[in-house]
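First the structure, in the form of structure tokens, and then the observations on it.
FYI, it's all coordinate maths here, none of it is from the lab. Everything quoted here is computed from the prediction, not taken from an experiment. Ideal geometry is used to build each Cβ from the backbone, glycine not excepted, and the neighbour counts take in all protein chains shown.
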Amino acid sequence: MPHLAPQLQLALVPKPDHKDYFRITGTRGHILVAAATQPTLLYGVNWYLKYVAHLQISPNGSQLGSPGLILPAPDVPIEKPALYPWRYALNENVDGYSAPYWDQERWQHEIDILALSGTNAILIERGMDLVLYQTFRDSGYSDEAIRNWIVQPAHQNWQLMGNMCCFQGPISMELLEKRSHSAQQLIAALRSLGITPVLPGYYGIVPADFASLHPGAHVIRQGDWNGFTRPGWLDPRDPNFDKLATSFYRHQHALYGDSAIYDMEIFQEGGAAGDVPVPAAAKKVQQALMRDHPNALWMLLGWQQNPTQELLSAVDTSHVLIAEIEQGRIPRENRDREFRGASWLYGGLWEFGGRTTMGAPLYDYAVRLPKLAALPNSRIVGTAVFTEGMDTNPFAFDFYTEMAWHTDSVDLAEWTNAYATRRYGADDSHARRAWQILLQTAYGYRADGNTQHGERDASQDSVFNSQPSLTAARAATWSPDVLRYNPADFAPALTELLEVDPALRSTETYHYDLVDVARQAMANESRRLLPLIKQAYDSKDKTAFAKLTKEWLHDMELQDQLLQTSPFFLLGRWLSFVPPWASSPGELERLNYDARSILTTWGDRKASEYGLHEYGNRDWAGLTSDYYMVRWQMYFDSLSASLDTGEAPKPMDWYSFGDDWNHSRKTYDAEPHGDSYAAALAIARTLHLAPNQQSEAHQ
């Protein structure tokens, strides 16, 4: 904010009672923000920008006024206490679905956004591969063996969680060192901002053949995770465990220093204790952590069946911090009791796999979070941004991070009107109406405990992105298979955005929202069209089938043209981060495959066909035109030939198609081109949603 920074004076001013807070005062053009800690100070700046200057810092574009803007003074001093000690960010999977190849500049941008959003603890997994490498070299593994065991960057966080190993190896020593150097810079940046870098801890992950090097070692086979063979788990009571843990923490300290929080999940999405008593194992894991980090917190996930009562019964819960991340799916009102007095974070998880769908259960953050936090002796000690990818749904991100500062429930309609004003820089009736429509549709669902229709804390993905089938209801195996709103109610939001005052259309925030809403309106159209295509095929109506499939492919083409106009929806941007990490042509091939496969097949044939394919699907230019659209064209051609010949459609090997694409070296534009407004208007006309267009949207 170079034109605003000289008008802002920041001061760290501790209070005598040592409580954290921020305070905003000042005169026109000279704003003073004071606070007790740096993260709170930075959020004080954000609060001022939002509620006094009506500006916006956002993951998806910012609206910071004109170059000559003089900042207005607050009418009265504004002071707010920090309600919680922790405002945490980052799901472990962000390191796979968003950040595996980010360079320092891109990572620093994310850190800046998180810092201005009040975050004071951020997970860093990058660089832990070198810690694992050094730990297992100490334990007798050869350089070649352990580099073949460690997976490449986009899949590596699942290895840290004990889900997989040995995929796309070997990782190069040069890459391990580059990633470690990068992690050191990231961690230094966090510490310079007063943000705690949260680091992975050691809980017993070992190569499956560990006992062959250490005869008698008690290694429990962990079975499969979604088609991948898990690493082994070393019984923490085994004498080798303390040696490995000591080595791990020693190398981690030497490379990155220490943390106040260590992230460990012993049985993440499965795994098995075998004949190892879980209470004794958990106690030993915590003892190893506390021996090297006496005041540390062990961060666990409140996810599926974890943490179990069996585990919690044996550990010192005063040194446990649980990130509860299912409140947007299942309303759990008794977590204080279920967590046996452990402190916990009320998580925000509204997106899986880095998918681009609009939606979030805002009610669960607006109403249920402050209600639970207000209960007598509540053990809620903070919030946790836990989306699996970053930089989608800026509306939800802004709202959720702000809820860390509200003691009472928030009126979502009023908040949304204020959001629309600061998002585009002025009050506009069309912008307000657009966002009220979005609030009532894409952002109108809430946790209901229904587990029969996929991961309903997130919204539905696009059927355009699904593995072609006439009965497809979702792209990713675990995505919701039904919409939580009527798409006809959502559609007018596009019309309203297109009618926003032309003077407000130049902001990057408007451009992002227009593309996002037009993209979502077209994605929703896929759910109307596919049943009609199926009906035409089943009734052998070749004319209708040809007309409808042509319409489907044309819609996908329009969507790709729209996505090309925004930097946030480009496959080329994702792939552009990869080459600088490679030290040889062979390594570039492996890393290119790594970055592509996480979006498509995800893993090898077994894992992909088990259900992981399309888990990381997203509406991106390039991915739409060269992957999803090509598949649908192939599929429709096979069905059309079947209608002509009367023979069964040609079977398709979708894994083979995806694997070939993953190995492709085709490059894509990393910079946007084209006119977002014109592209969105073309979609609106196709859907009969353009301003002044008399026809109704498709019935």
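Normalised radius of gyration (Cα atoms, divided by 2.2 N^0.38 Å) for the stretch 5-81: 1.09. Simple rule: put +1 on each Lys or Arg Cβ and -1 on each Asp or Glu Cβ in the chain, find the dipole, and look at L244, S318, Y635; the Cα lying farthest toward the positive end is S318. Estimated from helical segments only, the mean residue ellipticity of the chain at 222 nm is -12000 deg cm²/dmol, where each DSSP H run of four or more residues counts as -39500 (n - 2.57). Taking Lys and Arg as +1 and Asp and Glu as -1, the other residues whose beta-carbon sits under 12 Å from that of I322 total -2. Taking amide hydrogens as placed 1.01 Å from N in the peptide plane, the amide H of W225 sits under 5 Å from those of R230, each at least 5 positions away in sequence or on another chain. Hey, for a label at H181 modelled as a point 7 Å past Cα toward Cβ, could you say which residues of the stretch 564-605 have their backbone N under 11 Å away? So the set is empty, nothing qualifies.
With 31 Å as the limit, the listed pairs K283/K371; K606/K666; K15/K371; K243/K606; K178/K243 have K283/K371; K243/K606 beyond it between alpha carbons.
A Förster radius of 22 Å combined with the Cβ-Cβ distance from K371 to R340 puts the calculated FRET efficiency at roughly 0.55. Contact order for the stretch 5-81, expressed relative to its length and based on alpha carbon pairs under 8 Å spaced 6+ residues apart, stands at 35 percent. Taking a straight Cα-Cα cut-off under 25 Å and skipping sequence neighbours fewer than 8 places away in the same chain, the lysines within cross-link reach of K540 are K550, K650.
Using the alpha-carbon centroid of each, what span in Å lies between the stretch 70-108 and the stretch 1-27? Here the two parts' Cα centres lie 16 Å apart. Couplings 3J(HN,Hα) of the stretch 412-425, computed from phi: 5, 5, 5, 4, 5, 4, 5, 4, 4, 5, 6, 5, 10, x Hz, in residue order, whole Hz [Karplus 6.51 cos²θ - 1.76 cosθ + 1.60, θ = phi - 60°; x for Gly and Pro]. As a proxy for reagent exposure, ranking E614, E671 by other Cβ atoms within 10 Å from fewest up yields E671, E614. Near the amide H of G348, within less than 5 Å, lie the amide hydrogens of A384, V385, F386, all on another chain or at least 5 residues away, with H placed in the peptide plane.
Footprinting exposure proxy ranking of S98, S462, fewest other C-beta atoms within 10 angstrom first, gives S98, S462.
Amide hydrogen proximity for Y21: with H placed 1.01 Å from N in the peptide plane, the residues at 5 or more positions away or on another chain lying under 5 Å are A36, T37, A82. Label points 7 Å out from Cα along the Cβ direction at Q693 and D138: separation in nm? Those two pseudo-labels are separated by 6.4 nm. Evaluating 6.51 cos²θ - 1.76 cosθ + 1.60 at θ = phi - 60° for every residue in the stretch 139-150, the Karplus couplings come out as 8, x, 6, 6, 4, 5, 4, 6, 6, 6, 7, 7 Hz, glycine and proline recorded as x. Taking all Cα pairs closer than 8 Å and separated by 6 or more residues, the relative contact order of the chain comes to 12 percent.
Multiplying the residue separation of T477 and E609 by 0.36 nm and subtracting their alpha-carbon distance yields 46.5 nm.
The stretch between M1 and K666, if pulled fully straight at 0.36 nm per residue, gains 235.7 nm over its current Cα-Cα span. Taking other residues whose beta carbon is less than 13 angstrom from the beta carbon of A282, and scoring Lys, Arg as +1 and Asp, Glu as -1, yields 0.
Per-residue Cβ neighbour counts within 10 Å put W47, W149 in the sequence W47, W149, beginning with the fewest. Projecting label points 7 angstrom from Cα along Cα→Cβ for A682 and N450 puts them 3.6 nm apart.
If the chain linking D538 and A503 were pulled fully straight, counting 0.36 nm for each residue of separation and taking away their Cα-Cα distance, it would gain 7.6 nm. Y627 sits among other residues whose Cβ lies under 13 Å from its own Cβ, and their net charge, with Lys and Arg +1 and Asp and Glu -1, is -2.
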